[in-house]
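*Asks:* Sharing a structure with you now.
Just so you know, all these numbers are worked out from the coordinates, no wet-lab data involved. Here the structure is a predicted model, which means the values were calculated and not measured. Here the Cβ is made from the backbone with ideal geometry for all residues, glycine too, and neighbour counts use every protein chain on show.
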Amino acid sequence: MSEQQIQVNGIELCTESFGDPLNPTVILIMGAQASMVWWEDEFCQRLADAGRYVIRYDNRDVGQSTTYEPGSPGYTFEDMADDTIAVMDAYNIDKAHIVGMSMGGLLTQISALRHPERLLSITLVSTSNFAPDLPPMEQKVIDFFSRSAEVDLTNEEEAARFAVEKWSILKGTKRKTNEAKIYNLAKREIRRSHNMASIHNHGLVTGGESYLTRTDEIAIPTLVIHGTEDPIIPYEHGKALARTIPGAALLTLDGAGHELHADDWPAIIEAITAHTSNRSS
């Protein structure tokens with residue numbers, strides 16, 4: 001592992017790489033209100049061991065990347081999508097495979113339309129183009145996040161326990177919550193964060209609408225990965241993406257929720273490795 005701070009688009013992003021830079025590059029983009037630690041070290045290393053050069057990074061307002069005043073994000077989804085390309089530039093990478101989880105998948109779709117010449121393939125995990133006819137998130141998720149403003153994120157113990165509860169809400173019924181691991185990851189995230197309160201800014205970011213209505217124009221090889229019991233972005237969203245993007249493949253995770261559960265790592269890594277093979281620059 002090799003972590004570095006890079007200056008891009010007038011801000012600072014914290015990045016980390018795994019594996020051999022001579023291998024095909026896979027860039028991992030995490031979802032809203034979550035830093036890169038949720039692409040777990042072991043997951044990244046396994047993907048690197050499969051012959052990929054893996055880069056993960058903290059989005060704006062999480063981890064050790066630039067944070068903004070809570071309630072005032074000074075950027076758009078387009079800016080965040082362009083950050084991915086700037087990370088590639090900082091690493092002197094001309095073209096890469098992009099894997100986006102949840103909000104990261106939204107950013108990946110935008111990148112595929114804004115910068116198609118830089119992307120070799122995309123993988124969209126637990127995400128959507130949020131077409132108006134798709135089902136909403138489950139009420140239990142709405143109820144849970146309605147309480148998030150009450151959590152004292154400056155209290156490490158309270159914030160970590162809140163994270164454990166969140167992942168237990170988002171998991172599928174066929175997956176068990178490893179509370180100890182989630183608790184430790186949450187503690188790690190809290191301790192390396194510039195300002196945990198800034199994570200709420202992701203819920204206020206605007207932009208991207210004009211791109212999400214054009215997902216049928218994406219011409220980059222696409223893999224969609226989605227759990228059948230995702231309570232925040234229901235499975236129908238994943239199926240709709242796979243139908244809408246020309247030639248897209250769909251990997252269904254039976255009984256999985258809105259999560260990168262360790263039980264699913266073998267299938268996910270195998271699918272990403274296959275999807276990113278034999279796609280030259």
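*Asks:* Provide, as a two-decimal number, the C-alpha radius of gyration of the stretch 25-106 over 2.2 N^0.38 Å, N being how many residues it has. Could the numbers behind the result be given before it?
*Replies:* Values: Rg = 12.9 Å, N = 82, 2.2 N^0.38 = 11.7 Å.
Computed over Cα atoms of the stretch 25-106, the ratio equals 1.09.
*Asks:* Another one. If you take the alpha carbon radius of gyration of the chain and divide it by 2.2 N^0.38 Å, what ratio comes out, to two decimals?
*Replies:* On the way: Rg = 17.3 Å, N = 281, 2.2 N^0.38 = 18.7 Å.
The chain yields a ratio of 0.92.
*Asks:* While we're looking at this one, here's another question. Would you list the P(r) distribution for the stretch 223-281, with all Cα-Cα distances sorted into 5 Å bins from 0 and each bin expressed as a whole %?
*Replies:* Once binned at 5 Å, the Cα pair distances of the stretch 223-281 give 4, 19, 26, 23, 18, 6, 3, 0.
*Asks:* Would you please give the FRET efficiency between GLU158 and ASN278, computed as 1/(1 + (r/R0)^6) with r the Cβ-Cβ distance and R0 = 51 Å, to the nearest 0.05? Intermediate values should be presented prior to the final figure.
*Replies:* Working: r = 48 Å, r/R0 = 0.95.
E(calc), rounded to 0.05, equals 0.60.
*Asks:* How many nm separate the modelled label positions at GLU117 and ASP254, each set 7 Å beyond the Cα in the direction of the Cβ?
*Replies:* Taking the two extended label points, one gets 4.5 nm.
*Asks:* Give me the orientation-averaged projected area of the Cα convex hull of the stretch 96-141, in nm², one decimal.
*Replies:* 3.6
*Asks:* Could you tell me the distance between the Cα centroids of the stretch 139-216 and the stretch 238-255, to the nearest Å?
*Replies:* 25
*Asks:* Nearest 5 percent is fine: what portion of the DSSP beta bridges confined to the stretch 5-133 is antiparallel?
*Replies:* Percentage antiparallel, nearest 5: 35.
*Asks:* Here's a follow-up. Counting each DSSP H run of 4 or more residues in the chain as -39500 (n - 2.57), what helix-only mean residue ellipticity at 222 nm follows after dividing by all residues, to the nearest 500 deg cm²/dmol? Provide the component values of the computation, followed by the final result.
*Replies:* Working: 9 runs with 95 residues, N = 281.
It comes out at -10000 deg cm²/dmol, rounded to the nearest 500.
*Asks:* If you don't mind, another one. Under 18 Å from a point 7 Å along the Cα-to-Cβ line of LYS181: which residues of the stretch 250-271 have their amide N that close?
*Replies:* Residues 253-271 fall inside that zone.
*Asks:* Same structure, new question: Using a simple charge model, +1 on the beta-carbon of Lys and Arg, -1 on the beta-carbon of Asp and Glu, nothing else, what dipole does the chain show about its Cα centre, in debye to the nearest 20? Intermediate results must be reported in sequence, preceding the final value.
*Replies:* Working: 24 positive and 40 negative charges, 95 e Å.
It works out to roughly 460 debye.
*Asks:* Can you list residues whose amide H is under 5 Å from GLU12's amide H, if they're 5+ apart or on another chain and H is modeled 1.01 Å from N?
*Replies:* THR66
*Asks:* Here is a further query. What does DSSP give for the stretch 2-275 in terms of the percent of beta bridges that are antiparallel, rounded to the nearest 5? All intermediate terms of the calculation are to be shown ahead of the outcome.
*Replies:* Numbers: 11 of 34 bridges.
Beta bridges within the stretch 2-275, antiparallel portion: roughly 30 percent.
*Asks:* Using r as the Cβ-Cβ distance of GLN7 and GLU42, and R0 as 30 Å, what FRET efficiency do you calculate, to the nearest 0.05? Intermediate values should be presented prior to the final figure.
*Replies:* Working: r = 30 Å, r/R0 = 0.99.
After rounding to 0.05, the efficiency reads 0.50.
*Asks:* Under the 0.36 nm per residue contour assumption, what length would be gained going from the current alpha-carbon distance of TRP265 and MET137 to full extension? Write down the numbers at each step before the final one.
*Replies:* On the way: separation 128, 0.36 × 128 = 46.08 nm, distance 2.43 nm.
Full extension of this stretch gives 43.7 nm more.
*Asks:* Now, a different point. Starting from the exponent 0.38 and prefactor 2.2 Å, build the expected Rg for the stretch 164-215 from its residue count and divide its actual Cα Rg by it.
*Replies:* On the way: Rg = 15.8 Å, N = 52, 2.2 N^0.38 = 9.9 Å.
Dividing the Cα radius of gyration by 2.2 N^0.38 Å gives 1.60.
*Asks:* Okay, moving on. Report the charge-dipole magnitude of the stretch 161-281 in Debye, nearest 20, computed about the Cα centre from +1 at each Lys and Arg Cβ and -1 at each Asp and Glu Cβ.
*Replies:* Result for the stretch 161-281 is approximately 520 debye, rounded to the nearest 20.
*Asks:* A follow-up question, please. With labels modelled as points extended 7 Å from the Cα through the Cβ direction, what inter-label distance (nm, one decimal) is found for HIS194 paired with ASP216?
*Replies:* 4.1
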